[in-house]
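Peer 1: Here you go, one structure.
Values in this text are rule-based calculations from the coordinates and carry no lab data. Note that the coordinates shown come from a computational prediction; the quantities given were computed from them, not determined experimentally. In this analysis, Cβ positions are derived from the backbone assuming ideal geometry, glycine residues included, and neighbour counts consider all displayed protein chains.
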């Protein structure tokens, strides 16, 4: 019996510690990387910095993949996406957005002016800024960066006086004492937030379940709450989570 | 943790000692060969290995310089000229000791400046905006073009070739495709490993293959040259600041230090070796600062380390450098002591290793090439695409073996950075 228990324990340990391939489809300085790195610190893994979803998808043929997949991508017919459903959804993260500035104190303050804005150059962001600009009579000129990390760096270094980014970067941006954050999506000022799925691909149910439990523990830790303040994490492949992701996909579809 | 760090330091010393002895190999091939092993370890261990390789290779690259007049790499050119002359006159022991002692002082000098400057380096970050970044990268490109010994037009063409190859594929932000012609393989882009193997390692190994080497005399005395301290400190100082300039780093430092000493010092032969070697080692360490603080690799081997650490999840910031990599600083003095003993009292042993390589270079070169290629193919998800890229680029690289192909590597990495910074700079200025 003792031998059987030992064997079972060894088998379980081997299964539980199977090496996960973490594939980052985002930029090397962005929030996706930060999420995956944080999870990676708790599990055996190899890290693949794919830089974009097209390259990232080529890694999806392998087993035991963990990735963060944006709801912007499945609606884009120019690229392939893995199926995200109740079986492989580890958690959902919603990123609230904000506009901060060291020159302007409100959106109405920007009215009738040209505003140079540091942000990343993806199409949904550009579309949103055009709509926002039309509503408030603002001519936004985008200073484009590759992710939220480099956007923050660029803003602090003075590349632009205004920044549109996710609220995860609030603390870093407020290191600049002249900055005031003037509009937030969670307060209804901005109608734009990101919904991203932390999901496994070609992984067996044990690994997915283990990762859910890891993220559940992590997401209540002080480190996680500090690092991703302004985001909400919904763990598990529940119907509500899958529906929330699918709704976001429809909203971002071309 | 510390045990693991020491093991990586030892692997780095062994690897750096061997690849420093092979002309043209150096830290680049030392990192490339262990790429898969390094990819599976932590960012701290990767940096430990790289620092150990960098320091050790800068000691041992002077062995072939002194014995044969063939510099291990461009940083040992001054030592090759003066050191080999001393060796032929029977004063090889002075060149050897000068290399060993001055290199050690150069490392310690850089380490002291590193420790002093690092806590305040965060302030640099605030001034490093897109316009400054554009200027720095443009300076690097200009330096690479104008400081090369080969035809400048050829250098520019090679740089552009690297830039074009880097753009093939799909843009990570806009998802626009470039030169993919609807081919799914091309949409993956040209893998960096294939560029490194085909356009750098193949031509470099082909160059070494054609060298003619004869057996050399042993060095039986261990003399110490006098009055070299001032030249050593001067070299350390010049080398440190030159190390921060992208594109030239410690090559310019050792060259400039040796020439200043020759111009302004009396009895300058030994002093110029001391200055060049101190500058070389001091600059090698300072060249890490732009990588660690600003995430800008400024040498070919740093590009590899940059990719490796990124893949490992490391984010290059001043905070991360201070918080996560500081333990390396405590190991460096030990590496320096080992290198001092190895390059001084172990000189004859290193000379035998160098001669062994020269004798069996075909087998060793093939082994290096096969290992790097196999590992690159196995670790890339689409094996066939990596294989095709390696084969095509190796043919191209072999055709270009008479040229210095390193600008293509710089072009591959710097042109995208330059393009992105330039776009931002134009928006900011306009």
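Peer 1: State, to one decimal in nm², a quarter of the convex hull surface area for the C-alpha atoms of the protein assembly as shown, i.e. the direction-averaged projected area.
Peer 2: Average projection, Cα convex hull of the protein assembly as shown: 32.8 nm².
Peer 1: Between B:251, B:293, B:382, find the one with the highest GNM mean-square fluctuation for chain B; connect C-alpha pairs within less than 10 Å.
Peer 2: B:382
Peer 1: Next question, about the same structure. In peptide B:130-137, what is the residue-averaged number of other protein chain Cβ atoms found within 10 Å of each Cβ?
Peer 2: Mean shielding by partner chains, rounded to a whole number: 2.
Peer 1: Determine, for B:344, A:69, A:224, the number of other Cβ atoms within 10 Å of each Cβ, and report the residues in order from fewest to most.
Peer 2: A:224, B:344, A:69
Peer 1: How tilted is helix B:268-286 with respect to the longest principal axis of chain B? Cα atoms for both, answer in degrees (0 to 90, nearest 10).
Peer 2: 30 degrees
Peer 1: In region A:97-187, what percentage of the DSSP-assigned beta bridges are antiparallel, given to the nearest 5?
Peer 2: 50 percent
Peer 1: Sticking with this structure for a sec: As a footprinting exposure proxy, order B:309, B:229 by other Cβ within 10 Å, with the fewest listed first.
Peer 2: With the sparsest Cβ surroundings first, the list reads B:229, B:309.
Peer 1: Based on other C-beta atoms within 10 Å, arrange B:353, A:249 from fewest to most.
Peer 2: With the fewest neighbours first, B:353, A:249 line up as B:353, A:249.
Peer 1: In nm, to one decimal, how far is the modelled label at residue B:229 from the one at residue B:341, with both set 7 Å along Cα→Cβ?
Peer 2: If labels sit at residue B:229 and residue B:341, their model points lie 2.5 nm apart.
Peer 1: Rounded, prolate or oblate: pick one for chain B, where a ≥ b ≥ c are the square roots of the eigenvalues of its C-alpha gyration tensor, a/c under 1.5 means rounded, and failing that, prolate if a/b is larger than b/c, else oblate.
Peer 2: Prolate, because a/c is 1.5 or more and a/b exceeds b/c.
Peer 1: Using Cα atoms only, what is the angle between the long axis of helix B:229-242 and the major principal axis of chain B, expressed in degrees (0 to 90) to the nearest 10?
Peer 2: 0 degrees
Peer 1: What residue among B:83, B:26, B:189 shows peak mean-square fluctuation when chain B is described by a Gaussian network model with Cα springs under 10 Å?
Peer 2: Between B:83, B:26, B:189, it is B:189 that shows the largest mean-square fluctuation.
Peer 1: For the protein assembly as shown, what is the percent of antiparallel DSSP beta bridges, rounded to the nearest 5?
Peer 2: Among the beta bridges of the protein assembly as shown, antiparallel pairing accounts for roughly 60 percent.
Peer 1: Between residue B:135 and residue B:399, what FRET efficiency comes out of the Förster formula 1/(1 + (r/R0)^6) with R0 = 25 Å and r the beta carbon distance, rounded to 0.05?
Peer 2: 0.10
Peer 1: Please state the relative contact order of chain B as a whole percent: Cα pairs under 8 Å, 6+ residues apart?
Peer 2: 28 percent
Peer 1: Another question, if that's okay. Does region B:317-430 come out rounded, prolate or oblate, given a ≥ b ≥ c as the square roots of the eigenvalues of its C-alpha gyration tensor, rounded meaning a/c under 1.5 and, failing that, prolate meaning a/b above b/c?
Peer 2: Note, shape of region B:317-430 comes out oblate.
Peer 1: Could I ask something else about it? Need one number: % antiparallel among DSSP beta bridges in chain A, to the nearest 5.
Peer 2: Here the share of antiparallel DSSP bridges comes out near 60 percent.
Peer 1: Would you mind getting me the FRET efficiency between residue A:243 and residue B:117? Use the beta-carbon distance for r and R0 = 41 Å, nearest 0.05.
Peer 2: 0.15
Peer 1: Report the relative contact order of region A:126-214, percent, no decimals, based on alpha-carbon pairs under 8 angstrom and at least 6 residues apart.
Peer 2: Reported relative contact order: 16 percent.
Peer 1: Let me ask you something else. Looking only at other chains, what is the average number of their beta-carbon atoms within 10 angstrom of each beta-carbon in A:150-159?
Peer 2: The shielding value for this peptide is 5.
Peer 1: Report the extension gain between residue B:142 and residue B:267 in nm, rounded to one decimal, defined as 0.36 nm multiplied by the number of residues separating them, less their alpha carbon distance.
Peer 2: Full extension from residue B:142 to residue B:267 adds 41.5 nm.
Peer 1: May I pose another question? Compute the long axis of helix A:2-16 from its Cα atoms, compare it with the longest principal axis of the Cα atoms of chain A, and write down the angle in degrees, 0 to 90, nearest 10.
Peer 2: Tilt of helix A:2-16: around 30 degrees.
Peer 1: Nearest 0.05, what FRET efficiency do residue B:359 and residue B:154 give at R0 = 25 Å with Cβ-Cβ as r?
Peer 2: After rounding, the FRET efficiency stands at 0.15.
Peer 1: Then there is this: Given the options A:58, A:152, A:37, state which has the largest fluctuation in a GNM of chain A using a 10 Å cut-off (strictly under) for Cα springs.
Peer 2: Maximum fluctuation in the GNM of chain A, among the listed residues, is at A:58.
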